[in-house]
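Every number here is computed from the coordinates shown, using simple stated rules; none is lab data. Computed from a predicted model, the values in this text were never measured in an experiment. FYI the Cβ positions are ideal-geometry reconstructions off the backbone, even for glycines, and counts take in every protein chain you see.
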């Protein structure tokens, strides 16, 4: 068993042992989504580089969520995708590799997904990157036009997608003082390698 799995099991055990059976209706965290899906360089929750792009396997991996497979009309080739959602709100969108056999990428769109790096959807750019300590960033294209994609700190297979306002053309990354206030809109995971 690898270290990551041991840490996740220990964390789950600790959270269960410290739980309170009584609901506190005055608790401000009562409406905060639980982050029971964790993003790491190795994968997203139970999904990793070896996970087949298969609706049945993904449904088994996420039994508490709605899992749907459909054709994405935005894709040039009309590619299939698998969407994992809760109450109609997308949490993860899975894209297959070219052979349609394995998962090529996962787009994380919800605060339901925790991040082992500590950066979650809604985080501010300047809270993730120090001035002059930014990873490589580029402008988005197609459905990501107007957004900026940056590698997660020291993690080359995770991209952070930021959105905000700027007078800068869509083909240019805004200057640091503007980008500093942009919010983390989504996260893209791809298998390493």
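Couple of notes before you dig in:
- With 0.36 nm allotted per residue and the present C-alpha distance subtracted, the residue 124-residue 101 stretch has 4.7 nm of extension available.
- Once the chain from residue 116 to residue 72 is taken as fully extended at 0.36 nm per residue, the excess over their C-alpha distance is 12.9 nm.
- Cα→Cβ-extended label distance, 7 Å offset, between residue 141 and residue 154, nm: 3.1 nm
- FRET efficiency, 1/(1 + (r/R0)^6) with R0 41 Å, evaluated for residue 192 and residue 64 via beta carbons: 0.90
- Kirkwood radius, region 120-193, all distinct C-alpha pairs, inverse of mean reciprocal distance: 12.3 Å.
- Region 168-193 and region 49-122: distance between their alpha carbon centers, rounded to Å: 21 Å
- Value in Å of the Kirkwood radius, where region 45-113 supplies the Cα pairs that are averaged: 12.1 Å
- Contact order, relative form, for region 120-193: 37 percent (alpha carbon pairs under 8 Å, 6 or more residues apart, mean separation divided by residue count).
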